Amino acid sequence: MADLSVTFCGVEFRNPLVLASGVLGITASSFHHVIESGAGGVTTKSLWLTEHKGHPNPVMIANEHYMLNAVGVPDAGIEKAKMEMAEYNKRKRAPIIANIIAGRKADYGEIAEEIAKLHPDIIEVNISCPNVEDEFGKPFACSRDDASEVCREVKKRVGRVPVIVKLSPNVTSIVEIAKAVANAGADGFCCINTVGPGLAIDLESREPILANRVGGISGPAIKPLAIRIVHEVSRATKLPIIGTGGVTNGRDALEMMMAGATLVGVGTAVYYRGVEVFGLMTKEMDEWCRVNKVKKMRDLIGSMHS
Ligand SMILES: Cc1cc2nc3c(=O)[nH]c(=O)nc-3n(C[C@H](O)[C@H](O)[C@H](O)COP(=O)(O)O)c2cc1C
C-alpha cells in the first residue's frame with residue numbers, strides 16, 4: 001500500500017480524505033462512524049454561537065450531476081457543540097476540523113474563542129455560505145475587506161489553533177480575496193463552498209422545487225470549477241488547501257491533489273456512494289498509486305505540469 005498520510009497546517013492525517021462541512025458531521029457518533037468508514041478526518045457542520053433555525057422543507061434535490069441545497073445552516077448553538085466535541089475527544093482517532101459561522105463580522109471572534117476551548121485540531125471559518133444571504137446580505141467571502149477582517153478577528157482569539165478560511169467561488173477574482181485573507185494571517189484555505197445559488201423548477205406546478213426557491217450547487221457538476229480555483233489559490237498564496245467540490249471517486253481526489261490540495265473534502269459524494277465512500281476512495285487512490293509507482297501520495301500535491 002502507498003503511504004497515504006499528509007500533514008496539513010502541522011496536523012497529521014492518515015489519508016487526505018476529510019468529511020466536508022454540513023454533511024453527516026453533526027454528532028460525535030456520526031464523526032466516529034465517518035472515521036471508521038475510512039476518512040482521514042472530519043469537519044463539523046457550521047457552528048453558531050446561539051441556536052440558528054434553517055430553512056423550511058424541501059431543502060434539497062439531487063440528480064446524477066448535482067445537488068441543490070438550501071438547508072440554511074441550522075444549528076443548536078455552542079452548548080450542543082461543547083457536548084459533541086467533548087464526546088468525540090474521549091475516543092478521538094483522527095483530527096477534527098471545527099467549522100464556525102456568524103451573521104455579523106463582530107460575532108466571529110466570540111464563536112472562535114469558544115470553539116478553540118474545545119481543542120479542535122483546526123478551525124475552518126465559513127464566510128461563504130450562499131444560503132443565508134436572505135438573512136445577512138452578501139457573504140463576507142465576496143469582499144476582500146470583510147473576508148480579511150473576519151480572519152484577523154478569529155486569529156486574535158484562538159491562540160495556536162490553525163485557522164483556515166472557506167472561500168466562495170461566487171466572486172469575480174477569488175485570488176484577490178485569497179491573497180487578502182492570507183495577508184490577514186490565515187494558515188490555509190478550504191476551496192470551495194457551494195456554487196450559485198441555483199434554481200430548479202417543477203414543471204407541473206411551475207413552482208421552484210425548494211421552499212427557499214434557490215440553493216447552493218454541489219456535486220460532480222462543480223468539480224472543474226473547484227479544481228481551477230484550488231490550482232489558482234495554491235499558486236498565488238502557497239498556503240495549504242482542502243480541495244472540496246464534486247469529488248466523487250479516487251481519481252477526482254487525485255486530480256484535486258495534483259491541482260494543489262493537501263486534503264480533499266468529500267460532501268455530496270456521501271449521498272451518491274454512502275458513508276463507505278471514504279474506504280472505497282482510499283482504495284481507488286491507492287490502486288492508482290501502485291499502478292503509477294507513486295510511493296507517497298503527498299508527492300502528488302501540486303504536481304500538475306503547467
Ligand atoms: C447538504 C449540505 C450542507 C452543507 N452545509 C455546510 C455547512 O454547514 N458549512 C459549510 O461551510 N459548508 C456546507 N456545505 C458545503 C460543503 O461543505 C462543500 O463545500 C460543498 O458541498 C462542495 O463539496 P461537494 O461537492 O463535495 O459537496 C454543505 C453542503 C451540502 C450539500
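Scanning segment 109-140 for residues that are in a helix (DSSP H, G or I) and either under 23 Å from P197 (Cβ atoms) or touching a strand residue (DSSP E or B) at 6+ places or on another chain (Cβ under 7 Å) (or both) turns up I111, A112, I115, A116, P130, N131, V132, E133, D134, E135, F136, F140.
Contact map, segment 135-153: first residue more than 18 Å from G216 (Cβ to Cβ), second residue basic (K, R) and assigned to a helix (DSSP H, G or I), Cβ cut-off under 6 Å, separation 6 or more or different chains; pairs are E149/K105; V150/K105. Selection of segment 118-152 for residues being at pLDDT 95 or above, over 24 Å from G265 (Cβ atoms) and out of contact with any helix residue (DSSP H, G or I) (no Cβ under 8 Å at 6 or more places or on another chain) yields only R152.
Filtered by the rule that a residue be more than 8 Å from the ligand (Cβ to nearest atom), part of a loop (DSSP other than H, G, I, E, B) and either more than 19 Å from N99 (Cα to Cα) or in contact with a Leu (Cβ under 9 Å, 6 or more places away or on another chain) (or both), segment 219-247 gives K238, P240. Checking the stated criteria, M67 turns out to be touching a residue at least 60 places away in the same chain (Cβ under 8 Å) and surrounded by 14 or more Cβ atoms within 10 Å (Cβ to Cβ). If you scan segment 184-204, which residues turn out to be within 11 Å of P169 (Cα to Cα) and part of a loop (DSSP other than H, G, I, E, B)? I192, N193, T194, listed by residue number.
Applying the condition of being within 14 Å of the chain's Cα centre (by Cα) and either assigned to a helix (DSSP H, G or I) or not small (G, A, S) (or both) to segment 254-289 and asking which residue is nearest to the ligand (Cβ to nearest atom) yields T268. Quick check, is G216 near the ligand (Cβ under 9 Å from one of its atoms) and either part of a strand (DSSP E or B) or over 28 Å from V154 (Cα atoms) (or both)? Yes.
Highlighted here are the strands (runs of 3 or more DSSP E) found entirely within segment 1-108 that include at least 3 residues which are within 12 Å of the ligand (Cβ to nearest atom): 17-19, 60-62, 67-69, 96-100. Among the residues of segment 12-51, those identified as farther than 21 Å from K283 by Cα, surrounded by fewer than 18 Cβ atoms within 10 Å (Cβ to Cβ) and not small (G, A, S) are I26, T27, T50, E51.
The values are calculated or read from the model by the stated rules, or taken from the named source; none is laboratory data. The model shown is predicted, which means the values in this text are computed figures rather than measured ones. We place every Cβ from the backbone using ideal geometry, glycine too, and count neighbours over all the protein chains shown.
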